[in-house]
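Each remark here refers to the structure printed beneath this line.
Laboratory data are not the source of any read-out in this text; all were calculated from the coordinates shown. If you're wondering where the values come from, they're calculated on a predicted model, not measured in any experiment. A quick note on method: Cβ atoms are made from the backbone with ideal geometry, for glycine too, and the neighbour counts reach across all protein chains shown.
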Amino acid sequence: MCKSPLHDFLHGLPKCEHHVHLEGCMSPELIFTLAERNNITLPDPATNPAYGSIAALTARYDHFSSLDDFLAFYFQGMAVLMNEADFADLAWWYFSKAHADGVHHAEVFFDPQVHIDRGIPYETVVNGFSQGCKRAESELGLSTRLILCFVRHLPVSSAADVYEKFISSGHFEAGVVHGLGWSSTEVGPPKDMFRAQYADAVQKGIPLTAHAGEEGDPTYISTALELGATRIDHGIRLIEDPELMKRVAREGTLLTVCPLSNVRLRCVPSVEHVPIRRFLEAGVKFSINSDDPAYFGGYILDNYCAVQEAHKLSVLEWRIIAENSVQQSWIEDSRKAELLEKIESHKVLDCEFNEQVGPPRMSRLLLSTWSIARPPNRHRLVRYASYSLRKAHIPPSRSGATSTTRTSALRSTGLAVVSDRRMSTSTPHSGETRKNSGAAADRYKLVFFVPTENAETCKEAIFATGAGSFPGGKYTKCCFQTIGTGQFLPNDGGNPAIGAVGVVEKCEEARIEVMCLGREVMLSAVDALVDTHPYEEVAYEVYRMENV
Ligand SMILES: Nc1ncnc2[nH]cnc12
Ligand SMILES: [Zn+2]
């Protein structure tokens, strides 16, 4: 157990795992047990002393020198799996452990080519793993997804064969195997070696991911994206290409980051060097995962804890990571809604912790990362409420607060005004919204969306009202800006500045966030925004902030 005061919170936080190789869950104990049960001869300890005992093998895992050094052990370890039951038991073992770590949804990789190569039929592998998935769904309430991985150390023809088996089995349509990935040796084989298979899979609507940017430079990531991957496994070297990083943030591509793996495989010297903060600040979505937990010294909760100890994230940052993990999972919307609800009801107050997060860090997070998840407004409001509660320093003795206590505490935060004039003309920019915004408070956050070409005009008009200035005037014209895609459908009676009635319009917009000190400044800033904004209906939101 880690020493972080957030340990219990992290344990209970509903998690999704997107990057675990089922064959990477084979502990040394299991390798030795199955080798004996299935009459498999392990390497001779005379030539490879690591196989002298369980302890020797475990100790060897502390000294991987590279991805390929690890892969040799990983492929050897999986060679003791022979029967459907072996595969089913292995999957069940992983899901039980993941469940105990607070995982509610797991997307798991498997490497059929490697098993086929040693004479195990494709069906044996899939049937076994899929039995484990079904059992986890019925006995543990997990949702699961099996992802078939092509491996880069075998010839493309081997991937083509397994792809053919996968397609002809109907496993995708039947929901047995849900997507494809690629893994194994990164640097060396052609970056685009699965071009043909990925092109065909794109046509068929099969979700695609790819291991890239683990040891390899960012061009491995851009190649995977070019071939149709909508998710990147690892991806930590993305930070070496700022333009690509912007694209990944803009497109909402999920990185499935595996911190303990990165350290064990010497991709980074320590978890502090996994670019968690860089990703948060750039608005890059990521989930935290275990990769090959039996080889890398920890399952998913160990990875969450290692990140916490190294990066000291706030509760809000963790909630956002958890929400992004749900949003980017390959599951139906109804399951996403269930999982988001679970995250929402995992209340900070239910955990005894005492970690303080200062306002500058909070603002940075809200400004850079909040917009990624974009849950429905209701989620958004509750999230701010949790934060306000925390900032109210409610002592641990109130951790068992009744729901009434909580509700009134929430109410006392006098939360946000949310108005979206582009979407709903029933919340006009005038008296009503303003009057209803509660008792006076002196800091507000104005968030608005504007076509990028009009952003500077709106900003200047807003700054002229005093918004974006800190007390004393040492800092003025402060704001934060992210670029995204706005969308709207002008209907009859609409007079759109861009686009035409009856046609869905998508355009590049900036989301701009400005702090307003004082209610009058906020109201003037809203007036200035509406006056200078090109749209007939302006999308903006105003949040009252806690003064801390
Ligand atoms: N970390 C990793 N990178 C690439 N391929 C893998 N297969 C299993 N673990 C892997
Ligand atoms: Zn992996």
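Assorted remarks:
- As a proxy for reagent exposure, ranking Tyr122, Tyr295, Tyr51 by other Cβ atoms within 10 Å from fewest up yields Tyr122, Tyr51, Tyr295.
- Two-site FRET efficiency, Glu226 against Ser53, from Cβ-Cβ distance with R₀ of 41 Å, rounded to 0.05: 0.30
- Residue-count net charge about Leu255 - beta-carbon cut-off 10 Å; Lys, Arg +1, Asp, Glu -1: +1
- Net +/- balance of residues flanking Ala50 in space, Cβ distance below 14 Å, scoring K and R +1, D and E -1: -2
- Charge tally around Ile116: other residues with Cβ under 14 Å, Lys/Arg +1 each, Asp/Glu -1 each, net -4.
- Among Leu489, Leu142, a tally of other beta-carbon atoms within 10 Å of each Cβ gives an order, fewest to most, of Leu489, Leu142.
- Among the listed pairs Lys3/Lys477; Lys204/Lys506; Lys204/Lys347, those beyond 30 Å (Cα-Cα): Lys3/Lys477; Lys204/Lys347
- A protection proxy built from the mean count of other Cβ atoms within 10 Å ranks the segments 321-329, 471-479, 530-538, 518-526, most packed first, as 321-329, 518-526, 530-538, 471-479.
- Among the listed pairs Lys445/Lys474; Lys285/Lys342; Lys312/Lys445, those whose Cα-Cα separation exceeds 22 Å are Lys312/Lys445.
- Site pair Ala174 and Asp161 shows an inter-label distance of 2.2 nm when each label is modelled 7 Å from Cα along Cα→Cβ.
- Ranked list, fewest to most other Cβ atoms within 10 Å of each Cβ, for Tyr543, Tyr304: Tyr543, Tyr304
- Per-residue extension of 0.36 nm, minus the Cα-Cα distance of His99 and Lys506, leaves a gain of 142.5 nm for this segment.
- Modelled label positions at Ile40 and Asp69, each set 7 Å beyond Cα in the direction of Cβ, lie 2.4 nm from each other.
- Label-to-label distance, Asn491 versus Glu520, with points set 7 angstrom from Cα along the beta-carbon direction: 4.0 nm.
- Charge dipole of the stretch 7-339 (Cα centre as origin; +1 on each Lys and Arg Cβ, -1 on each Asp and Glu Cβ, all else neutral): 480 debye, rounded to the nearest 20.
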